[in-house]
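Colleague: I have a structure here, written as C-alpha cells, and I will follow up with some questions on it.
The values are calculated or read from the model by the stated rules, or taken from the named source; none is laboratory data. Owing to the predicted nature of the structure, the values given are computational and were not obtained by experimental measurement. Every residue, glycine as well, gets a Cβ built from its backbone with ideal geometry; the counts of neighbours run over all protein chains shown. Surface accessibility is based on the protein's heavy atoms, side chains included, excluding ligands, DNA and RNA. Shrake-Rupley method; radii C 1.70, N 1.55, O 1.52, S 1.80 Å.
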Amino acid sequence: MSVRLGLLAILDQAPCHGYLLRAEFESRTGGTWPVNVGQVYTTLDRLERDGLVSREGDGEAGRALYAITAAGRAEVAAWLASPVERGTSTRDELAIKLALAVTLPGVDIARVIQVQRVATLRTLQELTRTKSATSDPESADDLAWLLLVDALIFQAEAEARWLDHTEARLARLGDRVEPRGLTGVAPRARRTATASVSGTDGTSR
Amino acid sequence: MSAAPLLRLDGVSVQYGSGETAVTALSGVDLEVDRGELVAVMGASGSGKSTLLTVAGGLAAPTSGEVIVDGEWLSSLSPKRMAALRRRSLGFVFQDFNLIPVLTALENVSLPLELDGWRTRRARSAARDALADVDLADRASHFPADLSGGQQQRVAIARAVVGDRSLVLADEPTGALDSTTGEAVLRMLRERVDAGAGALLVTHDARHAAWADRIVFLRDGRVVDESRAASVESVLA
C-alpha cells in the first residue's frame, strides 16, 4: 500500500488540510507508520496533478483545503475492492540465510534453526504481552492497532512453524543430502573458513 | 505460603522399558514454576512434553530425579497422600476438556472440593466464584453438552484452580478450539496465573506458548533452550 492511497481514502470522508490529514493517517494506522507533513503535501500535489483531488482554496489559518474528486473516489473504491498482491519474491532474509546454510559444509544447521526459534518466540512473547496489556478495543483506532499487532503475531507464528517444518524435513532426510564445496574447485585448492566434510563431489545438482 | 517454587523438577529422567529396547522419554530435566508464573513447554512430537506433564502431576513416577510440588517430595508420599495432594494442589486441563457430562458446570467445578471433604454449600460457593472468574457465572447450571468448546474449557480452568489449588497443568488446552476461542482461553489462564496460580502449559502452538513468561524447549527429552519474555517495551515503537 502507498501513503498516497491511504491519504486519498481518508479524504473520501471529508475535505482536509495537510496537518489534519497526517494526524488522521497516523492514528488510523496504529501509530506504526509515521509520515512527515512535507511528505503529505508532496503527495497532495501529485494527487492534484493526477486529478484525484482538488484544492478548495484556503481553509482556517490560511491552510489549503483539499477535496477528493469523482476520479479520486473511483480510485479509492477500486483499491478497497482489489486484493493486495505480494508477489513471489523469495528474498526473505531468514529463508535465504537457511537456504544457503544447508549447502555449506561444517554448519550446524540444527543450531542455526534453534537460535532463530528462540529469537522468534521471544518476539512472539513480547507482541503477546503488548496485546494482553490492552483489553477489548473501545475505538476504531484501538481496533486498527490491535489488528496490526495480530498481523505481526501471525507473521512470527508462521516463521516459527516454518522453522519446525524445516527442522522436521532435515531430520527426515538425515544424511541423504550433503552440503557441498565450491563447484569446479578441487578440494585441495579450497580454502574455506569451515572444515570440509568428506563425500562432497564438487558438482551442483 | 512458602517462597519455594510451586513445582520443582530436579534431574528428572524417565525411561520406558529396559535393556536394549529402553526408550528415554526425559533425561535430567530441571524445571521450576513459581506462583504467578506461566511456563510453556514446546517440542516436536516425541520430545517428552506430555511425559513431563504426567510426571509433574504425579501420574507417573520418574525413573530418577525428584518432583517437588508445593514443598512435598512426591517420591516420599503414600498413594493416599499423593491422591490428596493432587486434589488439593493440582488441576489438570486437557485438550478434550474432560468434564463429566451428567454434572452441571457448577457441579463439575465443585466436585474436586467435595471429594476432598468440603461441605457441599461451601464447595458450591467456591465453585460459583471460580466460574465467575472465568466469566461463566450465568452458565453455572448448564450441562457440558449445552456449552461451546471454549466455555467447556473455561469450566475446566475454573475446576483446575478452584479452592486453594494453585498449580495448573495444561496439555494442549487449545487444541480443539478455533483461533479466537483458543486465544480467549489462554487469556483466561493468563489471568488466573496473574491472580496467583502457577501453570505449566504443554503446546506445539507458538502463538499460544507466547502467552507464557518462559518457554522451555524440549528435544529428545532434554531441555535445550529457554526463552524469557523481555520487559514490556513497545515492540511497535
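Colleague: So, in the range A:4-25, how many residues would count as being touching a Ser or Thr at 6+ places or on another chain (Cβ under 9 Å) and of a type in the set (Lys, Arg)?
Modeller: Residues flagged as touching a Ser or Thr at 6+ places or on another chain (Cβ under 9 Å) and of a type in the set (Lys, Arg) within the range A:4-25 amount to 1.
Colleague: Based on this model, can you work out whether A:Thr43 counts as of a type in the set (Ser, Thr, Tyr), under 30 Å from B:Gly43 (Cα atoms) and out of contact with any Pro (no Cβ under 8 Å at 6 or more places or on another chain)?
Modeller: Numbers: of a type in the set (Ser, Thr, Tyr): yes; under 30 Å from B:Gly43 (Cα atoms): no; out of contact with any Pro (no Cβ under 8 Å at 6 or more places or on another chain): yes.
Answer is no for this residue.
Colleague: On to the next question. Just checking, how many residues over the range A:115-159 are polar (S, T, N, Q), over 20 Å from B:Met42 (Cβ atoms), touching a residue at least 12 places away in the same chain (Cβ under 8 Å) and more than 7 Å from chain B (Cβ to nearest Cβ)?
Modeller: Of all residues in the range A:115-159, those polar (S, T, N, Q) come to A:116, A:120, A:123, A:125, A:128, A:130, A:132, A:134-135, A:139, A:155.
Then keep just the ones that are over 20 Å from B:Met42 (Cβ atoms); that gives A:130, A:134-135, A:139.
Add one more test, that the residue is touching a residue at least 12 places away in the same chain (Cβ under 8 Å), and what stays is A:130, A:134.
Then keep just the ones that are more than 7 Å from chain B (Cβ to nearest Cβ); that gives A:134.
Result for the range A:115-159: 1.
Colleague: Could you run through the range B:54-86 and say how many residues are at negative phi and touching a residue at least 60 places away in the same chain (Cβ under 8 Å)?
Modeller: 5
Colleague: Please indicate, with yes or no, whether at least one residue in the range B:152-162 is outside any helix (DSSP H, G or I) and either open to solvent by 30 Å² or more (accessible area, probe 1.4 Å) or within 13 Å of chain A (Cβ to nearest Cβ) (or both). Walk me through it before giving the result.
Modeller: Within the range B:152-162, the first condition is being outside any helix (DSSP H, G or I), and the residues that meet it are B:162.
Filter once more, so that each one left must be either open to solvent by 30 Å² or more (accessible area, probe 1.4 Å) or within 13 Å of chain A (Cβ to nearest Cβ) (or both): none.
Within the range B:152-162 (the criterion being outside any helix (DSSP H, G or I) and either open to solvent by 30 Å² or more (accessible area, probe 1.4 Å) or within 13 Å of chain A (Cβ to nearest Cβ) (or both)), the answer is no, since none of the residues qualifies.
Colleague: Considering the range B:124-150 alone, what residues qualify as being in a helix (DSSP H, G or I), touching a residue at least 24 places away in the same chain (Cβ under 8 Å) and open to solvent by less than 60 Å² (accessible area, probe 1.4 Å)?
Modeller: Listed by number, the residues that qualify are B:Ala126, B:Ala127, B:Ala130, B:Leu131, B:Pro144, B:Gly149, B:Gly150.
Colleague: Could you tell me how many of the residues in the range A:50-88 are open to solvent by less than 100 Å² (accessible area, probe 1.4 Å) and not in a helix (DSSP H, G or I)?
Modeller: Selection size over the range A:50-88: 17.
Colleague: Tally time: how many residues in the range A:114-147 are among the hydroxyl-bearing types (Ser, Thr, Tyr) and part of a loop (DSSP other than H, G, I, E, B)?
Modeller: 3
Colleague: Could you check how many residues of the range B:189-215 are surrounded by fewer than 24 Cβ atoms within 10 Å (Cβ to Cβ), within 11 Å of chain A (Cβ to nearest Cβ) and either in contact (Cβ under 8 Å) with a residue 40 or more places away in the chain or among the aliphatic types (A, V, I, L, M) (or both)?
Modeller: Residues flagged as surrounded by fewer than 24 Cβ atoms within 10 Å (Cβ to Cβ), within 11 Å of chain A (Cβ to nearest Cβ) and either in contact (Cβ under 8 Å) with a residue 40 or more places away in the chain or among the aliphatic types (A, V, I, L, M) (or both) within the range B:189-215 amount to 6.
Colleague: If you don't mind, another one. Out of everything in the range A:126-184 that is open to solvent by 60 Å² or more (accessible area, probe 1.4 Å) and among the β-branched types (Val, Ile, Thr), what residue ends up being modelled with the highest pLDDT?
Modeller: Per the criteria, the residue is A:Val177.
Colleague: Output the number of the condition that A:Val102 fails; it satisfies all remaining conditions of (1) over 17 Å from A:Glu159 (Cα atoms); (2) of a type in the set (Val, Ile, Thr); (3) touching a Phe, Trp or Tyr at 6+ places or on another chain (Cβ under 8 Å).
Modeller: Every condition holds for A:Val102 apart from (3).
Colleague: Any chance the range A:37-60 includes a residue that's closer than 27 Å to A:Ser139 by Cα, of a type in the set (Ser, Thr, Tyr) and touching a residue at least 24 places away in the same chain (Cβ under 8 Å)?
Modeller: no
Colleague: Follow-up question, since we're still on this one. I'm trying to understand the selection: among the residues of the range B:216-233, which are within 11 Å of another protein chain (Cβ to nearest Cβ) and in a strand (DSSP E or B)?
Modeller: B:Val216, B:Phe217, B:Arg219, B:Val224, B:Asp225, B:Glu226, B:Ser227, B:Arg228
Colleague: Anything in the range A:15-69 that is out of contact with any strand residue (DSSP E or B) (no Cβ under 8 Å at 6 or more places or on another chain) and basic (Lys, Arg)? List them, or say none.
Modeller: If the condition is that a residue be out of contact with any strand residue (DSSP E or B) (no Cβ under 8 Å at 6 or more places or on another chain) and basic (Lys, Arg), then A:Arg22, A:Arg28, A:Arg46, A:Arg49 are the ones that fit.
Colleague: Quick check: is even one residue across the range B:80-100 farther than 15 Å from B:Ala160 by Cβ and of a type in the set (D, E, K, R)?
Modeller: yes
Colleague: Just wondering, is there one or more residues in the range B:164-179 that are hydroxyl-bearing (Ser, Thr, Tyr) and within 10 Å of the chain's Cα centre (by Cα)? Lay out the reasoning, then the answer.
Modeller: As a first pass, look at the range B:164-179 and keep what is hydroxyl-bearing (Ser, Thr, Tyr): B:166, B:174, B:179.
Okay, now just the ones that are also within 10 Å of the chain's Cα centre (by Cα), so B:166.
Yes; the residues of the range B:164-179 include at least one that is hydroxyl-bearing (Ser, Thr, Tyr) and within 10 Å of the chain's Cα centre (by Cα).
Colleague: Give the residue that is least open to solvent (accessible area, probe 1.4 Å), with candidates limited to residues of the range A:1-36 that are of a type in the set (S, T, N, Q), touching a residue at least 60 places away in the same chain (Cβ under 8 Å) and part of a loop (DSSP other than H, G, I, E, B).
Modeller: Restricting attention to the range A:1-36, the residues satisfying the condition of being of a type in the set (S, T, N, Q) are A:2, A:13, A:27, A:29, A:32, A:36.
Now drop any that are not touching a residue at least 60 places away in the same chain (Cβ under 8 Å), which leaves A:27, A:29, A:32.
Those still in the list that are part of a loop (DSSP other than H, G, I, E, B) too: A:29, A:32.
Values: A:Thr29: 27, A:Thr32: 56 Å².
Among residues in the range A:1-36 that are of a type in the set (S, T, N, Q), touching a residue at least 60 places away in the same chain (Cβ under 8 Å) and part of a loop (DSSP other than H, G, I, E, B), the one least open to solvent (accessible area, probe 1.4 Å) is A:Thr29.
Colleague: Find the strands (runs of 3 or more DSSP E) located wholly in the range B:1-76 whose residues include 2 or more that are open to solvent by 20 Å² or more (accessible area, probe 1.4 Å), and list them. Talk me through it step by step, then tell me what you get.
Modeller: Details: elements: B:7-16, B:23-33, B:38-42, B:64-69.
Output list reads B:7-16, B:23-33, B:64-69.
Colleague: Next question. So, of the residues in the range B:91-123 that are among the polar types (S, T, N, Q) and free of Cβ contacts under 8 Å to residues at least 40 places away in the same chain, which turns out to be most open to solvent (accessible area, probe 1.4 Å)? First the steps, then the outcome.
Modeller: Going through the range B:91-123, the residues among the polar types (S, T, N, Q) turn out to be B:95, B:98, B:104, B:108, B:110, B:120.
This time we only want the ones that are free of Cβ contacts under 8 Å to residues at least 40 places away in the same chain, so: B:104, B:120.
Details: B:Thr104: 18, B:Thr120: 73 Å².
Applying the filter and picking the extreme gives B:Thr120.
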